[in-house]
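Before any comments, here is the structure.
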Amino acid sequence: MKHQISEVAERVLQGGAITFPEAQRFIEMEGWPEVLELAAQATRIREKFTGKEVDLCALVNAKSGQCSEDCKFCSQSGHWNTDVSSYPLMDAGQIVERAKQAKEFGAKRFCIVTATRGLSDRDLPVLCEAVRRVKEEVGLVPECSLGFVTDDQLEQLKAAGMSRYNHNLETAEGHFPNICTAHTYQDRLNTLKMLRRHGLEICSGGILGLGESRQERLQLAFALAELDVECAPINVLNPRPGTPLEANAPPDPKEVVKTIATFRFILPRAKLELGGGREVNLRDFQAMAFLAGANSLIIGGYLTTRGRQPAQDLQLLKDLGFTV
Ligand code: SF4
């Protein structure tokens with residue numbers, strides 16, 4: 001297996017691509033020695049194509065709860081009985097304050113997120129103002145994750161200073177109907193294609209542990225590769241009480257590390273971003289995720305759950321030899 005891994009790595013390093021059957025052999029490996037070999041080669045690929053730079057992104061949950069959609073993992077869906085707090089859209093000043101805090105603890109990017117199916121024209125002016133001020137007043141790179149959007153809304157956000165938009169595919173096409181019925185995988189794909197048409201960078205990834213197979217994880221990664229995403233957030237399910245997936249068992253650290261390493265082979269140039277669920281699921285193996293090809297991090301907490309102290313993450317990245 002060691003020979004096979006280095007052969008595929010050499011091809012990827014030369015600008016070639018890994019095939020689906022090769023990725024499948026990698027993701028089916030069970031032993032730590034093989035996974036460590038895979039991680040070592042994934043690190044070579046990461047260093048060649050993206051260097052030692054790591055992206056630090058902070059989020060603000062600018063509008064929380066009572067979402068009309070029925071994503072089974074999400075505590076913000078109005079369909080489930082969860083204890084998540086609900087509030088309407090923050091005003092631009094509140095969002096900017098959160099961006100200032102994020103800058104203080106080291107974030108470089110700042111993503112404004114709303115728990116909504118899509119963006120309403122009523123909310124658009126507030127969000128455009130927030131984007132503009134996050135960029136000009138705070139000096140962070142503003143991103144948005146506002147659900148489904150129209151061409152005109154995207155143009156206005158872009159004019160305000162937004163250059164990247166997050167819209168996760170979440171999981172493989174074949175598994176998507178098992179986790180959401182209010183909209184389709186194709187709806188999400190259409191939005192991602194729309195982003196490209198508007199010249200925006202794409203941030204799109206998914207969640208491990210939604211009951212998908214390993215093969216379906218690969219299908220997600222290859223779909224992201226086809227879209228040539230700039231950033232792929234990899235979240236690991238942190239089961240939320242009251243959601244239909246509250247009893248799901250998330251993948252263990254070795255499975256997560258192996259999946260990240262395999263994703264690095266499939267997406268050699270993308271930022272692979274560790275997102276929600278990393279602390280609770282990777283536990284003492286968080287450093288291993290970076291030694292397996294990850295090179296971006298959400299710091300300072302997530303939408304409905306807390307993260308660990310940003311200073312701990314900054315120390316970890318320094319120890320690993322990354323530059324922010
Ligand atoms: S669309 Fe987003 S906020 Fe709404 S239920 Fe799905 S994941 Fe949650």
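Where a number appears in this text, it was derived from the coordinates with a stated rule and is not lab data. Source: prediction; values computed, not measured. Note that each Cβ is placed from the backbone with ideal geometry, even for glycine, and that neighbours are counted across all protein chains shown.
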Ranked packing of 263-276, 6-19, 50-63, most packed first, by mean Cβ within 10 Å: 263-276, 50-63, 6-19
Listed residues ALA160, LEU146, GLN186: farthest to the positive end of the dipole of segment 2-319 (Cβ charges): ALA160
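Could you size up the charge dipole of the chain around its Cα centre, putting +1 on the beta carbon of Lys and Arg and -1 on that of Asp and Glu, and report it in debye to the nearest 20? Let's see the in-between values first.
Numbers: 38 positive and 42 negative charges, 115 e Å.
Using Cβ point charges on Lys, Arg, Asp and Glu, the chain gives about 560 debye.
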Efficiency of FRET from Cβ geometry, ASP252 and LYS318, R₀ 22 Å, rounded to 0.05: 0.20
Placed amide H near LEU272: partners under 5 Å, 5+ positions off or other chain: ALA232, ASN295, SER296
Where labels lie 7 Å past Cα in the beta-carbon direction, separation of LEU13 and LYS48 in nm: 0.6
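Which ordering of THR171, THR323 is given by a fewest-first count of other beta-carbon atoms within 10 Å?
On the way: THR171 26, THR323 9.
Least to most surrounded, the residues fall as THR323, THR171.
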Per-residue HN-Hα couplings for segment 146-159 [Karplus 6.51, -1.76, 1.60; θ = phi - 60°; Hz; x = Gly/Pro]: 10, x, 6, 9, 9, 4, 5, 4, 4, 4, 5, 5, 5, 4
HN-Hα J in Hz across segment 240-252 - Karplus 6.51, -1.76, 1.60, θ = phi - 60°, x for Gly and Pro: 9, x, x, 8, x, 9, 4, 9, 5, 8, x, x, 7
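Please report the antiparallel percentage of DSSP beta bridges with both residues in the chain, rounded to the nearest 5.
Of those bridges, close to 5 percent are antiparallel.
Multiplying the sequence separation of THR181 and ASP152 by 0.36 nm and subtracting their Cα-Cα distance, what value in nm do you get?
Going from the current span to full extension adds 7.8 nm.
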Ranked ARG306, ARG217, criterion: other C-beta atoms within 10 Å, fewest first: ARG306, ARG217
Surrounding net charge for LEU224, when Lys and Arg each add one and Asp and Glu each subtract one, Cβ distance under 15 Å: -1
Amide H contacts under 5 Å for PHE110, placed H, 5+ residues apart: ALA58, VAL141, GLU143
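Quick one: VAL257, VAL35, fewest Cβ neighbours within 10 Å first, how do they rank?
The fewest-first ordering by Cβ neighbours comes to VAL35, VAL257.
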Mean separation of Cα contacts under 8 Å (6+ apart) over length of segment 2-319, as relative contact order %: 22
J(HN,Hα) series, segment 41-57, from Karplus relation 6.51 cos²θ - 1.76 cosθ + 1.60, nearest Hz, glycine and proline x: 6, 5, 5, 4, 5, 4, 5, 5, 8, 10, x, 9, 7, 10, 8, 10, 10
Length released on extending from GLN4 to GLU30, taking residue separation times 0.36 nm less the Cα-Cα span: 7.8 nm
Estimated dipole of segment 106-147 in Debye, rounded to 20 [Cβ of Lys and Arg +1, of Asp and Glu -1, Cα centre]: 120
Net lengthening on full extension, PHE20/GLU173 (0.36 nm per residue, minus Cα-Cα): 53.5 nm
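What number, rounded to the nearest 500 deg cm²/dmol, is the helix-based mean residue ellipticity at 222 nm of the chain, given -39500 (n - 2.57) per DSSP H run of at least four residues and division by all its residues?
-12500 deg cm²/dmol
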